[in-house]
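The values are calculated or read from the model by the stated rules, or taken from the named source; none is laboratory data. Because the structure is predicted, anything quoted here is derived from the model rather than measured. Here the Cβ is made from the backbone with ideal geometry for all residues, glycine too, and neighbour counts use every protein chain on show. With ligands, DNA and RNA removed, areas are computed over all heavy atoms of the protein, side chains included. Shrake-Rupley method; radii C 1.70, N 1.55, O 1.52, S 1.80 Å.
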Amino acid sequence: MELYTYEELKKFVDHCGRCSLAQGRNRAVMGKGNLHSSVLFIAEGPGRNEDRDGVPFTGRSGEVLDQLLQKVGMRREDIYLTNIVKCHPPGNRDPLPQEQEACMPYLKYETLLLRPKLIVCLGRIAAQRIIRPDYRIMREHGTFICRKNVWLTSVYHPSAILRDESKLPEAEADFRKIKDKLGELE
Ligand code: URA
Ligand code: SF4
C-alpha cells in the first residue's frame with residue numbers, strides 16, 4: 001500500500017468530496033498530534049467548534065480530554081488524535097455508516113503513518129467501528145484486546161462525561177490504565 005505524508009493526507013481531506021458531509025462543512029478536520037506517538041486516539045467526528053477551527057477537540061470536550069490526559073501526566077502533544085469522519089455531521093448527529101465507510105481510507109493512511117502500539121476509541125461510535133460492531137461501551141470501556149500486534153481499548157467520550165460527571169472517576173481510571181499500558185509497551 002502506498003504511503004502518504006501527513007501534509008498530503010491533510011490536503012486530500014481538506015478538499016474531499018467523498019461523502020455528503022462535504023456539503024455542510026465549514027472546514028474539514030484532519031487528525032492532529034505527534035506523528036511519533038505510539039498511541040492513536042479516535043473519536044467520532046468534529047463538532048461545531050472543530051468545524052470552525054479545523055482542528056480536533058477545540059471545544060469543551062477538548063478541555064475534558066486535556067484534563068484526563070493531564071491527570072496521568074500526558075499532554076495532547078504526546079498523542080495523535082483523529083476522528084472516524086473528518087467533517088462535522090449537521091446538528092451533531094451520529095455519522096451514518098456510509099459516511100464512516102467513505103472516510104475510512106484517511107484513517108487507514110493515518111494509521112499506516114503512525115504505526116501505533118495502542119489505539120484508544122473515544123466513545124461508542126469509534127469503538128463499534130474499530131473494535132466490534134456490537135461493542136458495549138458501558139460494559140467494556142477500559143478493557144484491552146490485542147489484534148495484529150496492536151492493543152485496542154475504549155474510554156467514554158468526553159462529551160458523555162460533560163453530560164454526566166459521575167462518569168469522570170471511571171474515565172480517570174481508564175486513562176491511568178492507558179498510561180500503564182504505554183509504559184509496558186515502550
Ligand atoms: N467530538 C468528537 O468526536 N471529535 C472532535 O474532534 C470533537 C468533539
Ligand atoms: Fe471526505 Fe470524510 Fe469529509 Fe466525507 S467526512 S467529505 S469522506 S473527509
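Residues in the stretch 126-139 that are in a helix (DSSP H, G or I) and either under 15 Å from the mean Cα position of the chain (by Cα) or among the hydrophobic types (A, V, I, L, M, F, W, C) (or both): 126, 127, 128, 129, 130, 137, 138. Within the stretch 168-185, residues that are within 18 Å of residue 140 (Cα to Cα) have Cβ atoms under 6 Å from residues that are open to solvent by 10 Å² or more (accessible area, probe 1.4 Å) and among the basic types (Lys, Arg) in these pairs: 172/71, counting only partners at least 6 apart in sequence or on another chain.
Being crowded, with 21+ Cβ neighbours inside 10 Å and part of a loop (DSSP other than H, G, I, E, B) holds for only one residue in 103, 87, and it is 87.
Against the criterion of being open to solvent by 20 Å² or more (accessible area, probe 1.4 Å), more than 12 Å from ligand 2 (Cβ to nearest atom), more than 21 Å from residue 158 (Cα to Cα) and not small (Gly, Ala, Ser), residue 36 qualifies.
Of the candidates 129, 139, the single residue that is farther than 19 Å from residue 66 by Cα and either buried (at least 18 other Cβ atoms within 10 Å of the Cβ) or of a type outside the set (D, E, K, R) (or both) is 129. The requirement of being closer than 29 Å to residue 181 by Cα, more than 12 Å from ligand 1 (Cβ to nearest atom) and modelled with pLDDT of 95 or more is satisfied by residue 70. In this structure, residue 184 does not qualify as among the acidic types (Asp, Glu), surrounded by 15 or more Cβ atoms within 10 Å (Cβ to Cβ) and either within 16 Å of ligand 2 (Cβ to nearest atom) or modelled with pLDDT of 95 or more (or both). Selection of the stretch 142-170 for residues being part of a helix (DSSP H, G or I), surrounded by 11 or more Cβ atoms within 10 Å (Cβ to Cβ) and over 15 Å from the mean Cα position of the chain (by Cα) yields 161, 162, 167, 168, 170. Among the residues making up the stretch 106-125, a single one is assigned to a helix (DSSP H, G or I) and touching a Ser or Thr at 6+ places or on another chain (Cβ under 6 Å): 110. When the stretch 39-57 is filtered for residues that are part of a loop (DSSP other than H, G, I, E, B) and either open to solvent by 60 Å² or more (accessible area, probe 1.4 Å) or among the hydrophobic types (A, V, I, L, M, F, W, C) (or both), the ones remaining, listed by number, are 55, 57.
With respect to the stated conditions, residue 65 is modelled with pLDDT of 95 or more and either under 15 Å from the mean Cα position of the chain (by Cα) or away from ligand 2 (no atom under 12 Å from the Cβ) (or both).
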